[in-house]
1. Only one of these is of a type in the set (Gly, Ala, Ser) and touching a residue at least 40 places away in the same chain (Cβ under 8 Å): Ala94, Ala86. Name it.
2. Go through the residues of the stretch 193-206 one by one and say whether even a single one is in contact (Cβ under 8 Å) with a residue 40 or more places away in the chain, touching a helix residue (DSSP H, G or I) at 6+ places or on another chain (Cβ under 6 Å), under 19 Å from Ile92 (Cβ atoms) and buried (at least 17 other Cβ atoms within 10 Å of the Cβ).
3. Kindly state which strands (runs of 3 or more DSSP E) lie completely within the stretch 94-176 and contain at least 3 residues that are of a type outside the set (S, T, N, Q), assigned by TED's automatic domain parsing to the domain that holds Ser50 and surrounded by fewer than 16 Cβ atoms within 10 Å (Cβ to Cβ).
4. Can you find a residue in the stretch 403-413 that is closer than 17 Å to Gly202 by Cα and at pLDDT below 90?
5. Give the residues of the stretch 366-399 that are part of a helix (DSSP H, G or I), under 18 Å from the mean Cα position of the chain (by Cα) and either under 25 Å from Asp336 (Cβ atoms) or modelled with pLDDT of 85 or more (or both), sorted by residue number.
6. Every residue in the stretch 324-350 that is among the hydrophobic types (A, V, I, L, M, F, W, C) and in a helix (DSSP H, G or I), please.
7. Among the residues in the stretch 360-379, are any more than 25 Å from Ser215 (Cα to Cα), in contact (Cβ under 8 Å) with a residue 60 or more places away in the chain and not β-branched (Val, Ile, Thr)?
8. Go through (1) free of Cβ contacts under 8 Å to residues at least 60 places away in the same chain; (2) within 26 Å of Thr244 (Cα to Cα); (3) not β-branched (Val, Ile, Thr) and name the single condition Gln342 misses.
Amino acid sequence: MKSSDSIGPTLIGKRIVLGVTGSIAAYKAVALLRSLIREGAVVHVVMTHSATKFVTALTFEVLSGHPVSTDMFEAHQEMKHLSLPAQADAIIIAPATAHCLAKAALGLGDNLLSTMLLTSQCPLIMAPAMDGGMWTHPSVQEHVNTLRARGTVIVTPELGPLASGQIGQGRLAAEGRILEAVQVALAPQRDWQGHRVLVSAGPTQEPIDPVRFISNRSSGKMGYAVAEAAQARGAQVVLVTGPTALPTPRGIEVVAVATAEEMLQVLSMRLAWSTTVIMAAAVADFRPTHPASQKIKKQGQIAETLNLERTTDILASLSAQRTTQLLVGFAAETSDLIAHAQAKLTAKGLDLIVANDVTREGAGFGSDQNAATLIDRQGIMTELPLMPKRALADAILSRAHELFRARQSSQTPTTVMGGR
């Protein structure tokens, strides 16, 4: 997934060192730099002298907003091999040549970048790029295995046309794969490891005829953000989504549905598998009683009244079916936010509800940001300010995890979550 496909910035305030080595793929590091900055990271670039033969240091300096470091002995500089890694949350080397991999595996420090690796304590992500059959050479694979054994994240190169004209495995991994590896490495915690999270997202579409339908303004961004955050924190995730314009999240099983009835069927079938259900979908409350089998024409006699019937209440249905799942719902309101949310929490037997005012400026449907109040069944309220939806997703998951731990300590069932 490309960085622009993310649901809100995911690396806000993170300090990252981007190392660039002497590969023809060095030009791709420029796009990676821009993606890291879009995700909210503060990026300092370190280049080897070979890398500057492919892309100028000035390019990275202008885009990052910080001086580029290339030499341990540059005048009037502090000890960069110590100060840069000490301040970094992560180091990324992209592209990483075979020579770079060898030096890192053997602990050699003959330039600023390789020496910096000997002093760093933060996560290291390396994305190799090389030509010919170099990637599969036994010595390269031995160095890769050594680095992985030490905890280095290796984003394997891809198969395809190489600079030499050959076809082989050596192309720098796609920008989205590298960014995803960074996001996972910097995930705040892996506290959802072992959990199976069922998430719903987006609107439903209830047909009037083959070309018209009843729907709502939900973009699906909140539900997708919850799914991505849960996966980053170690959960196995299934995302059941109504129609959206969002890209498919990498590594998450996605089940596409259209109507409320289809969503109910899929969620009911997956309920027994899950340990947590997070209903972030904005399900239509009504549907046409008798959808037309053919397009209704404007000419001639047409019905002036559209007869509607209620759709099945998915949250209430899941609440009635659940065994040991944790149940949390969303309340998207335009007035009396807390009162309506508390009533929904009680009526549908939820463990947690996420209440948000969709009329608030900068929040709600379609926005990349949201604000909410979390309310549990004990009446405890947590007010969350306006923030990126991905950050809100993490806050919801953290509160839900607290409820999990409380249930486990008292040996009572867990919860299912529902929302928009």
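The values are calculated or read from the model by the stated rules, or taken from the named source; none is laboratory data. Predicted model only: the values in this text are computed from it and were never measured. As a convention, Cβ positions derive from the backbone with ideal geometry for all residues, glycine included, and neighbour counts pool all protein chains shown.
1. Of the residues listed, the single one that is of a type in the set (Gly, Ala, Ser) and touching a residue at least 40 places away in the same chain (Cβ under 8 Å) is Ala94.
2. Within the stretch 193-206, none of the residues are in contact (Cβ under 8 Å) with a residue 40 or more places away in the chain, touching a helix residue (DSSP H, G or I) at 6+ places or on another chain (Cβ under 6 Å), under 19 Å from Ile92 (Cβ atoms) and buried (at least 17 other Cβ atoms within 10 Å of the Cβ).
3. Result: 158-161.
4. no
5. We begin by selecting, within the stretch 366-399, every residue part of a helix (DSSP H, G or I); these are 389-399.
Next, only the ones that are under 18 Å from the mean Cα position of the chain (by Cα) stay: 389-398.
Result: Lys389, Leu392, Ala393, Asp394, Ala395, Ile396, Leu397, Ser398.
6. Of the stretch 324-350, the ones among the hydrophobic types (A, V, I, L, M, F, W, C) are 326-328, 330-332, 337-339, 341, 343, 345, 347, 350.
Of everything in the stretch 324-350, those that are among the hydrophobic types (A, V, I, L, M, F, W, C) and in a helix (DSSP H, G or I) turn out to be Leu337, Ile338, Ala339, Ala341, Ala343, Leu345, Ala347.
7. First pass over the stretch 360-379, keeping only residues more than 25 Å from Ser215 (Cα to Cα): 373-379.
In the following step, the residues that additionally are in contact (Cβ under 8 Å) with a residue 60 or more places away in the chain were identified as none.
Within the stretch 360-379, not a single residue is more than 25 Å from Ser215 (Cα to Cα), in contact (Cβ under 8 Å) with a residue 60 or more places away in the chain and not β-branched (Val, Ile, Thr).
8. (2)
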